[in-house]
Amino acid sequence: MSNDTISATFDASAYAAGELLLRVAASLPPLYYLIASILVVVVFLYNFLECHLLFDIFHGFLGDPVELTFNPDSDIYHGVASKCRSLHGRYLVTPWLASPHLQTVFLNFFGRPPSFKYNRQIYRTRDGGTIALDWLLFSDVAGGSSQVPTGISKEDSTPLMVMVPGLTSDSASPYVKHMVYKMAKNGWNVVVGNHRGLGGMSITSDCFYNAGWTEDTREVINYLHKEYPNAPMYAVGTSIGANILVKYLGEEGENTPLAGAAAICSPWDLVVCDRFIHRKLAQRLYGRALTIGLQGYAELHQHVLSRLANWEGIIKSRSVRDFDNHATRLVAKYETVDTYYRKCSSVSYVANVLVPLLCVSAIDDPVCTSEAIPWDECRANKKIVLATTAHGGHLGFFQGLTAKKLWWVGAVNEFLSVLHNSPFMHYQKKMEAVGLHSSLESTIDHSPYVNITEDGMLAPASENTMTEKSVSRTSKERSESEITSEDETVENSSKDGKVTIKKENENSIEKKSKDENINKTVADVIYPIKRSVNELTKYQGKSIWLLAYIAFVTSWPFIGSLGFFFFRKRFNKAPRKNN
């Protein structure tokens with residue numbers, strides 16, 4: 001049999017088999033195809049939405065244990081977190097919301113928040129900005145009525161909780177209302193510090209909030225502490241609000257009136273989260289939704305943003321990064337978007353947190369990835385307890401068949417309540433601000449501007465000029481303050497009949513001016529050397545003594561040879577005695 005015959009026979013059999021399959025397929029009822037199509041769609045959606053209902057069924061709906069990360073020597077864990085049942089139990093997701101995406105979407109569109117009304121207080125910031133402080137007092141929940149600020153007396157010692165919402169969220173957001181109502185029901189007074197331009201407020205200055213803007217939080221907390229000094233104060237931040245809160249705690253150290261805090265679903269590292277939100281289709285959808293929310297926020301304040309930022313770029317933004325490039329970094333005066341992300345990430349401030357802090361995150365968070373969680377930093381800090389769950393979505397954590405409760409709300413309520421009744425509350429202690437370690441900062445972030453060299457490379461702008469000005473200004477202010485204080489001392493003494501004011505004041509001023517000129521001359525001579533050494537130690541991260549040792553060891557062969565040559569020459573010139 002020839003090859004042509006074999007080929008023709010094979011083609012005929014293949015055609016017959018294909019025709020047979022088509023006949024069989026045509027003979028099947030349409031219902032079978034409908035069922036098969038539904039199964040394909042269900043399997044696709046089950047995997048796309050990252051559902052875990054089957055996993056929960058196979059495990060008998062026991063839920064997953066809450067994983068705690070803490071320092072073994074932490075008093076906050078042993079004295080507070082160890083007494084919280086919710087942190088040592090298991091979290092079971094609402095069965096019909098067994099997906100991080102379903103939880104996140106359901107929370108934003110429905111959420112089932114409790115129904116109540118806030119009392120609003122308008123607060124003016126020092127730069128002319130306007131912030132809406134929405135209050136819910138425990139007396140409001142108990143059935144009484146009150147108005148702010150007359151609802152709370154200066155001597156009131158009822159615990160006060162400050163809420164910092166997330167990106168484009170305000171006091172009306174469902175998860176905020178869940179937290180506020182729970183704490184008010186627990187007998188606390190609660191105030192939500194809405195971000196600038198949110199909560200129905202207009203922008204009244206050229207300043208906008210961003211992921212690292214801690215000034216408003218700092219100003220509101222200090223104001224509330226001044227108004228109600230006897231009320232122990234706590235703070236809870238969610239999402240971007242959690243990033244702001246942790247950054248604020250790291251900046252303040254001991255110098256904060258907060259007795260405790262909680263950070264829920266913080267992004268931690270904005271650079272990592274930015275990369276994550278562009279990785280998959282689902283994350284890109286979240287990014288697009290956030291961008292639309294930011295554009296809506298921008299349109300509310302177009303009259304200001306169009307002057308400070310690139311309005312055309314804002315309208316055309318397709319991602320959060322685009323919006324930050326055309327708006328946020330320009331208003332906040334950052335060189336690049338990544339510079340803004342690095343400088344505003346709270347991960348660099350975790351080590352400096354000195355207030356009892358509970359952090360809650362879900363491993364399957366579809367917005368703030370678990371890759372950004374600073375596990376080691378939290379474990380090293382004795383003030384921090386990190387609680388993570390396998391499921392929960394972004395700020396969801398629904399539990400129960402009716403999905404009327406959020407697990408993290410109960411956990412925060414329990415943690416803060418136990419902390420309030422323990423000896424581990426933080427008490428404000430004035431101290432100098434602690435700077436970040438140089439290893440945590442990138443080179444481009446050491447100054448607010450960059451220089452462009454001839455070859456097109458970017459380099460951080462020098463801070464020498466600014467430093468020299470600040471040094472001279474500081475010395476001048478110090479001398480003036482010393483003269484002023486001495487004048488006051490002389491005046492007080494003259495009242496007692498001990499000295500004559502005018503004569504001693506003139507001698508003092510003349511003496512101070514001479515000392516100032518001498519000190520200024522010495523400082524001008526020493527300062528360039530001191531500045532060079534400080535810059536060297538700053539960027540190298542080494543001790544000055546280690547650098548001196550290295551310099552001595554590396555230069556010893558040259559110094560030794562030079563010394564040997566010098567002394568040998570002198571010995572040769574010395575007269576020799578004749579025997």
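The values are calculated or read from the model by the stated rules, or taken from the named source; none is laboratory data. If you're wondering where the values come from, they're calculated on a predicted model, not measured in any experiment. Please note: Cβ atoms are built from the backbone with ideal geometry, for glycine as well, and neighbour counts cover all protein chains shown. Heavy atoms of the whole protein, side chains included, go into the accessibility calculation; ligands, DNA and RNA do not. Shrake-Rupley method; radii C 1.70, N 1.55, O 1.52, S 1.80 Å.
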For the range 148-257: accessible area per residue (Å², 1.4 Å): 28 Å²
Furthest towards positive pole of dipole, S239, L249, A263, structure part the range 228-286, Cβ charges: S239
The range 262-392 - charge dipole about Cα centre, Lys and Arg +1 at Cβ, Asp and Glu -1, debye rounded to 20: 120 debye
Cα gyration tensor shape of the range 304-373, rounded if a/c is under 1.5, else prolate or oblate by comparing a/b with b/c: prolate
Overall Cα dimensions of the range 332-397 - principal axes, largest extent first, Å: 37, 29, 17
Within the range 96-181: Cβ-based charge dipole about Cα centre, in debye rounded to nearest 20 (Lys, Arg +1; Asp, Glu -1): 140 debye
Dipole axis of the range 299-379 (+1 Lys, Arg; -1 Asp, Glu on Cβ), positive-most option in S361, P374, T328: T328
Listed peptides 204-216, 261-273 by packing density, highest first (mean Cβ within 10 Å): 261-273, 204-216
For the range 19-143: accessible area per residue (Å², 1.4 Å): 61 Å²
Rounded Å value of the spacing that divides the Cα centres of the range 189-224 and the range 68-97: 31 Å
Sequence ranges 71-79, 176-184, 421-429, ranked by mean other-Cβ count within 10 angstrom, highest first: 176-184, 71-79, 421-429
Per residue value of the accessible surface for the range 329-392 (all protein chains in place, 1.4 Å probe), Å²: 30 Å²
Where Rh is the Kirkwood radius over Cα pairs, Rg/Rh for the range 242-292: 1.15
Table column - 3J(HN,Hα) (Hz), the range 245-250, Karplus curve with 6.51, -1.76, 1.60, x for Gly and Pro: 5, 5, 4, 4, 5, x
Heavy-atom accessible surface of the range 308-436: percent carbon and sulfur, 1.4 Å: 54 percent
Percent accessible area from carbon and sulfur atoms, the range 40-158, protein chains only, probe 1.4 Å: 61 percent
Sorted peptide list for 289-301, 93-105, 56-68, 237-249, criterion being average Cβ within 10 angstrom, highest first: 237-249, 93-105, 289-301, 56-68
Theoretical gain in end-to-end length, Y223 to D376 [0.36 nm per residue, Cα-Cα removed]: 51.7 nm
